[in-house]
């Protein structure tokens, strides 16, 4: 696939790296933004629904937060949602690139992980399950690369 020009890529803009071996940064940031936006929206909707359901049952607030951060019944679907939404970011990072390359998806995954690192620097600790914490750092790169592979296959 090296050298294959993407017919869906936007035209080159002034000020972007378009030389031999270079690639544009736009698709990388768009892919990371798509992934972060979809992931945030989906997890917030799921969390709000679960919180509302638990509140209707009369669950105390402390138990609700403990459930949200430690219960596998909530965390496993959350990680599946992460896989799907982050793959969409990798898909668009690859699809919008001038050349169909997994490097766009890889670097979009790194940008996403950088954002997650900044968000994880909280001044307080949450009662998270250790296995979920590990998965939240492992899933992004394979998910972005999976999305990139799907985009390469579609083009």
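What follows is calculated from the coordinates using simple rules that are stated; it is not laboratory data. Remember, it's a predicted structure, so these values are computed and weren't measured experimentally. Note: ideal-geometry Cβ built from the backbone for every residue, glycine included; neighbour counts use all protein chains shown.
Side notes on the structure shown:
- Taking every alpha-carbon pair under 8 Å whose residues sit at least 6 apart, the chain reaches a relative contact order of 35 percent.
- Inter-site label distance for residue 153 and residue 40 at 7 Å from Cα along Cβ, in nm: 3.0
- Distance cut-off 28 Å, percentage of C-alpha pairs in the chain lying past it: 31
- FRET E, pair residue 84, residue 117, Förster distance 25 Å, beta-carbon r, rounded to 0.05: 0.70
- Angle between the chain longest axis and helix 72-95 axis [Cα atoms, degrees, rounded to 10]: 10
- Potential lengthening between residue 48 and residue 131 on full extension [0.36 nm per residue; Cα-Cα distance subtracted]: 27.6 nm
- Folded to 0 to 90 degrees: helix 61-70 orientation relative to the chain principal axis, Cα: 40
- Between the helical axis of 26-56 and the longest alpha-carbon principal axis of the chain there is an angle of about 20 degrees.
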